Structure formats: structure tokens, C-alpha cells
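To start, the structure itself, in C-alpha cells.
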Amino acid sequence: MTGLRRFLVALAACSFVAGCASAPISVSSRFAGAGEASPQQASVSRTAADFEDVARARGWIREAGSMETAMSWMGRLAGQSGDDDASAGRAPVARYLEANETTLDAPGFAAHFLTDMTLAWELAGAVDNAAAELIAQGGGVSRSALSRSIGDVETVTARARDTLALFDAVLAEMPVPGDDELASQLVSERDLFAVRTDSLRERVDELVDLRRSNASGDSLS
């Protein structure tokens, strides 16, 4: 990309960010002003936002600023492959260690990491359970609100997959704990989180089927 073209892309991105500054994008903002949401839909939105917030704060997923996101988007529109964005970001394990101010061989790291995997499982489980309640309730009060709930669960599913990839990378790089029971717990918690991630994907499919069924039967307004 020429220097002029990069300048134009940056200028367009700045304009894009400025236009969106008053309305930051987040999982929790999906229900802003959505008074038609049922309690079950509100629960999906709230638990999804909880996962997102904790995942970013604890370094499970990448924290991308609005300018970085806009530049990446505009770069793709201008024909960039996106490889530059990937190389500019920190490796997931390094990002996780920095966010938690620790190292793989730090005393107590294995126990800290186990706590994170358990927390991820619990947060993903809350979204999974909320989605199951929404399905049992029939999908809520409107197709538009149901679509937002589908988007929330899809987002968490993607975040959970990224988090699982991080956990696998950490397990591959960290020293094997001398405590056999702790080592076994790490593998067990990882597997439980993997099962929960698969369950979230299934919930998305069930919600999509429910929306399709409701659309056919006009059971939602």
C-alpha cells in the first residue's frame, strides 16, 4: 500500500471512529433501548457481557481498541490481507502473562491458571444456562430480541474458542506441575471448558432453529 493510500485509509478510519465514539460497541450494548427483551433475554445479555468483561480483563482474549478495530476493518476494505494486524499483536500466552503480571514458572502459577480455567467454565456455563432457559421459554417476546440473543451467544462462543486455544497453548508451554493431583485438575478443567464451549455452539443452533420455527408459526411479533 502506498503512503498516500495508507493516509487515506487512516483518515477514513478516524472518521469512522469519531462517528462511533458516542456509541461504543460491546456485547452488553446489544440490549440498549430494547425494552421488548424478556427476563430470559436480559439474562443472556448480562451473562454474555460478564464473560466478555472478565475475558478481556484477565487476558484470555485480545483487547482491541476502537481505533485498532477501525484500522483493521478499513485495511481489509483497502485490500490488505490482515497479516500485518496479526503480526502486530502479542502472542496469546505473552498477552495472558502480562495481563496477570506473572510468568509460566512463577510460584503458584499452576494454581492461578487452574482458577482461571474454572472461572471461564463457570462464566460460559452461565451463558449456556441462560440460553437454555430462553429456549425453554419459547424464544422471548420478539424475533428481533431473539436475534440479539443469538448474536450474544455466538459472540461468547467465539470468545470461548479463543480462550480455549489460549488455555491449550499455556498448558503446552508451562512446566509440568510437581503435584500430580494439580496436574490432573488442570487437564480436567480444560476438558470441562471444552465441553462447555461445544455446548454453547449447540445452543446457537437451537436458538437459530427456534427463530426459524417462530418465524414460520408467527408466534413472535
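The values are calculated or read from the model by the stated rules, or taken from the named source; none is laboratory data. None of the values given here were measured: they were computed from a predicted structure. Note: ideal-geometry Cβ built from the backbone for every residue, glycine included; neighbour counts use all protein chains shown.
Check L186, L146, L182, L171 and return the single one that is touching a Leu at 6+ places or on another chain (Cβ under 8 Å) and within 19 Å of A91 (Cβ to Cβ). Before you say what the answer is, go through the steps one by one.
Details: L186 fails: within 19 Å of A91 (Cβ to Cβ); L146 fails: within 19 Å of A91 (Cβ to Cβ); L182 fails: within 19 Å of A91 (Cβ to Cβ).
Testing whether each residue is touching a Leu at 6+ places or on another chain (Cβ under 8 Å) and within 19 Å of A91 (Cβ to Cβ) leaves just L171.
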Residue count, the stretch 40-60 (criterion: modelled with pLDDT of 95 or more and either assigned to a loop (DSSP other than H, G, I, E, B) or crowded, with 22+ Cβ neighbours inside 10 Å (or both)): 9
Has the stretch 203-215 got at least one residue that is assigned to a helix (DSSP H, G or I), modelled with pLDDT of 95 or more and touching a Leu at 6+ places or on another chain (Cβ under 6 Å)? no
If I ask for residues that are part of a helix (DSSP H, G or I), over 14 Å from D50 (Cα atoms) and free of Cβ contacts under 8 Å to residues at least 40 places away in the same chain, which ones from the stretch 107-124 would you list? H112, T115
For the stretch 153-177, the count of residues that are farther than 13 Å from D128 by Cα, among the hydrophobic types (A, V, I, L, M, F, W, C) and part of a helix (DSSP H, G or I) equals 9
Write out, first by first residue and then by second, each pair whose Cβ atoms fall under 7 Å of each other, whose residues are 6+ apart or on separate chains, and whose first residue, in the stretch 186-206, is under 15 Å from L171 (Cα atoms) while the second is charged (D, E, K, R) and crowded, with 18+ Cβ neighbours inside 10 Å. none
